[in-house]
1. Do we have any residue at all in the stretch 363-382 that's among the polar types (S, T, N, Q), under 30 Å from TRP729 (Cβ atoms) and not in a strand (DSSP E or B)?
2. Against the condition more than 25 Å from PRO748 (Cβ to Cβ) and either of a type in the set (S, T, N, Q) or part of a helix (DSSP H, G or I) (or both), how does GLN717 come out, does it pass?
3. Which residue pairs have Cβ atoms under 9 Å apart, sit 6 or more places apart or on different chains, and have a first residue in the stretch 719-739 that is polar (S, T, N, Q) and a second that is part of a helix (DSSP H, G or I)?
4. For the stretch 526-561, which residues satisfy the criterion of being more than 21 Å from ALA585 (Cβ to Cβ), β-branched (Val, Ile, Thr) and in a helix (DSSP H, G or I)?
5. Under 6 Å between Cβ atoms, which residue pairs at least 6 apart in sequence (or on different chains) link something in the stretch 360-375 that is under 30 Å from GLU316 (Cα atoms) with a partner that is hydroxyl-bearing (Ser, Thr, Tyr) and crowded, with 16+ Cβ neighbours inside 10 Å?
6. Can you name the residue in the stretch 473-491 that is touching a strand residue (DSSP E or B) at 6+ places or on another chain (Cβ under 8 Å) and assigned to a helix (DSSP H, G or I) and, of all such residues, is farthest from GLY708 (Cα to Cα)?
7. Test THR686 against the stated conditions and say whether it is buried (at least 19 other Cβ atoms within 10 Å of the Cβ) and among the polar types (S, T, N, Q).
8. Exactly one of (1) farther than 18 Å from ASP691 by Cβ; (2) among the small types (Gly, Ala, Ser); (3) within 22 Å of the chain's Cα centre (by Cα); (4) not in a loop (DSSP other than H, G, I, E, B) is unmet by SER468. Its number?
Amino acid sequence: MTRKTSAKTGSVAAKLAKVLGWALLALLGSLAALVVGGYLTYRYLEPRLPDVDTLADTHYQIPMSIYSRDGLLIAQYGEKKRIPIAFADTPKRVIQAFLAAEDSRFFDHPGVDYQGLLRAIVSFLRTGEKRQGGSTITMQVARNYFLSSEKTFLRKIKEIVLAVKIESKLPKERILELYLNGIYFGHRAYGIGAAAEVYYGKTVDELNLAEIAMIAGLPKAPSTFNPITNPERALSRRNYVLNRMRKHGFIDDQEYAKLLDQPETASLHVRPIELSAPFIAEMVRNEMYRQFGEEAYTNGYRVYTTIDSRWHLLAEKALRRGLHEYDERHGYRGTKEHIDLKKFTTEAQWDEQLSRYGWIGETRAGLVVAFGKDGGADVYLGQGRHIELDWNGIRWARRYINENSQGPTPRSARDVLKVGDIIRLRKGPEGHWQLSQVPEVEGALVALDPKDGAVLALAGGYDFTINSFNRATQAQRQPGSGFKPILYAAALSEGYTPASVVNDAPIVYADPTQSGGVWRPKNYSGRFYGPTRLRVALAKSRNLVSIRLLKNIGLKKAIDTAIEFGFQPEELPHSMPLALGSGSASPLRMAQAYAVFANGGFRIEPYFIERIETNSGKIVYQATPQVACEECTDSSDMPKSRAPRAISPQVHYMMHSMLQDVVRIGTATRAQELHRSDLAGKTGTTNDYRDAWFNGYVPGLVTVAWLGFDSAKSLGQGETGGEAALPLWLHFMREVLKDIPERHFPLPNGLTTARVDPASGLRVSAGNPNAIFEVFPSGHTPHGAARKPRPVAVSDPAADSEDEQESPAPEAAPVEPASPGKTIETLF
């Protein structure tokens with residue numbers, strides 16, 4: 001029995017040993033196959049994988065930021081918010097939190113944590129689900145920088161191979177730095193720097209440990225554990241990270257207990273736009289894309305513009321105020337939005353209805369809920385706030401019929417509004433609420449530094465959010481009489497003087513495009529004034545004088561001069577209507593042209609980007625504009641490039657004095673309310689009142705205001721440049737000129753003054769009671785009879801005769817008493 005049992009036992013043992021032997025062989029074979037398979041897979045994939053050497057010089061995708069000249073943030077472009085942090089600058093607690101949450105053996109494994117990977121395989125074999133990824137920080141770097149996020153075994157194998165290669169190429173500190181700056185944290189935040197700002201409004205070194213743990217818990221599932229959208233699960237994840245830190249000895253039990261009691265304080269922190277300047281921001285974006293392509297949005301460029309933040313805000317405010325003033329002159333168009341207050345009875349329901357209407361420009365939405373006893377209305381603004389819209393804020397609202405007609409003046413709010421109307425309101429100049437509407441008319445205002453062309457302020461329309469068309473740069477409109485000073489400058493360079501007399505009389509030109517085949521230009525008043533000095537003709541904007549002047553000097557001379565002022569050939573028609581501004585120009589182009597008058601006679605090129613820096617502060621572009629000056633140096637006494645002359649100093653001085661008379665006695669006398677003697681400029685109005693301009697300046701600052709409809713329909717009878725555009729200009733200049741002292745151009749060599757007869761422009765004796773002073777090229781004063789114009793000898797500082805120096809040279813042009821009657825504007 002014993003022998004049989006022993007035999008059986010031996011037989012079982014032999015069989016078991018045989019089975020174990022086969023199992024061992026199978027295991028060894030499997031391991032060998034696994035090794036060989038892994039090697040072959042590596043040899044196959046390795047040459048097909050990205051080059052990890054590129055990580056050594058990684059450029060993080062950082063959005064482009066645009067700033068004003070004084071450093072206020074205007075805009076950011078780019079999908080990824082990122083603030084890179086060097087490993088050496090990363091707080092120790094941040095590193096500990098991420099190691100505890102993501103990869104506690106990071107500094108020990110060779111890029112792949114085989115223990116974690118084995119746990120993930122076992123978990124998959126047990127459950128059939130990929131619950132554990134087994135990814136190390138290095139593997140996540142491989143995935144984030146080189147691979148897609150698809151969950152496949154092939155991607156995991158690629159991840160492992162890349163991780164091993166990365167570890168062989170880069171030190172652990174650099175790998176961790178790449179991870180902390182590249183991982184996604186939700187809400188467009190990439191990297192710990194952006195996450196700290198987005199969730200807590202702090203820099204990384206300002207975070208407390210509870211906040212660090214919250215951020216460290218996000219990479220696993222940024223949407224699931226997000227403290228903004230899912231605070232309960234986020235808090236649970238934060239506490240898990242803290243527990244992991246405790247287990248690994250990064251914090252003790254006492255600190256852990258205290259941290260668990262800390263409430264979660266995360267909230268969305270988006271760096272606010274500090275200066276709303278969307279039109280200039282879009283100009284910069286377009287230029288940066290043109291220069292750098294898609295990299296403009298990812299390379300972290302910091303673009304500093306020439307915009308002065310204070311002046312820009314004043315420009316936007318002035319433009320909107322001027323558009324509202326025009327709009328209200330032409331009546332109230334009513335509202336199309338109305339709700340039934342029998343159906344919507346509570347303030348909560350009213351809030352819901354009003355939430356569909358945001359701010360547009362200077363206007364906000366309000367709900368008319370009742371009428372007051374004094375002719376006003378009770379208006380609900382939302383969030384429990386009511387205001388009394390009094391009669392003074394409504395009385396302007398005559399019914400709009402067309403641009404030339406309005407209905408009768410209302411007698412109370414009931415004549416204009418109904419209970420349940422959703423209306424627009426704005427605050428008037430005195431700060432009181434008044435009924436309003438979004439203007440249909442549009443406009444633009446541009447301010448330039450005429451010394452070098454820097455754009456200091458630019459408002460391209462009423463509100464960028466409802467219409468992004470930039471009228472300051474993109475609108476090509478007829479400049480009307482605003483072009484006349486260029487024509488007059490051409491005439492002065494040909495030998496005319498401010499005292500030259502040209503006949504303001506009817507003139508007819510053959511023109512097959514006109515009714516009857518002829519063109520009969522006329523003055524704004526329809527009257528003709530006979531022989532007229534050029535100074536008076538420009539101040540009063542006499543059309544017939546301009547046409548005869550162009551005929552006398554020739555189209556070529558006028559066009560060549562306009563090009564010297566900055567106009568492009570395609571903007572200048574080769575026909576006689578050019579004399580009345582029939583070409584095309586943007587407000588920025590007109591500002592460039594008038595900068596010649598504001599800087600002493602030099603052509604400058606407008607620019608709006610002052611410099612471009614990389615994210616590290618390296619300057620990759622610095623504007624080097626040509627400067628309007630005779631001998632140019634900067635504060636370091638380094639020579640600068642001089643802008644080319646458009647007109648001589650003598651022609652410039654004569655033109656400046658004539659443009660001052662536009663303000664003193666001409667079509668822009670309203671500007672005298674600023675009480676300055678250095679103002680100059682020119683109004684412009686085009687045919688059928690489609691465009692209204694004021695191109696004005698003081699020495700050192702040029703500002704152009706334009707108003708019109710995008711459809712080019714009429715602004716309405718009487719809406720001239722002096723009536724519609726000049727107020728915009730005044731609203732802006734009234735504020736900015738408070739900080740700019742008066743300045744006058746000195747009389748240059750080669751000019752002198754003499755007494756002339758105001759009717760004939762001829763020189764008269766000192767005893768003539770009607771005599772006025774005029775400025776002339778030296779030695780070329782008119783004596784006794786009209787002379788044929790002679791070219792101005794700009795380089796000949798000939799000595800003046802004794803009689804011509806009886807009165808000191810004026811700092812500005814002589815003043816002629818304004819004649820009564822309506823001002824004259826171009827109508828072409």
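1. no
2. yes
3. Note: pairs meeting the criteria are THR720/TYR689; THR720/LEU726.
4. Step one: filter the stretch 526-561 for residues more than 21 Å from ALA585 (Cβ to Cβ), giving 526-537, 539-540, 542, 544-545, 548, 551-552, 554.
If we keep only those that are β-branched (Val, Ile, Thr) too, we end up with 532, 536, 545.
Within the stretch 526-561, VAL536, VAL545 qualify.
5. Within 6 Å, the pairs are GLY361/TYR462; THR363/SER436; ALA365/TYR357; LEU367/TYR380.
6. PRO485
7. yes
8. (4)
The values are calculated or read from the model by the stated rules, or taken from the named source; none is laboratory data. No experiment lies behind these values; they were computed from the predicted model shown. Every residue, glycine among them, receives a Cβ derived from its backbone with ideal geometry; neighbour counts consider all protein chains shown.
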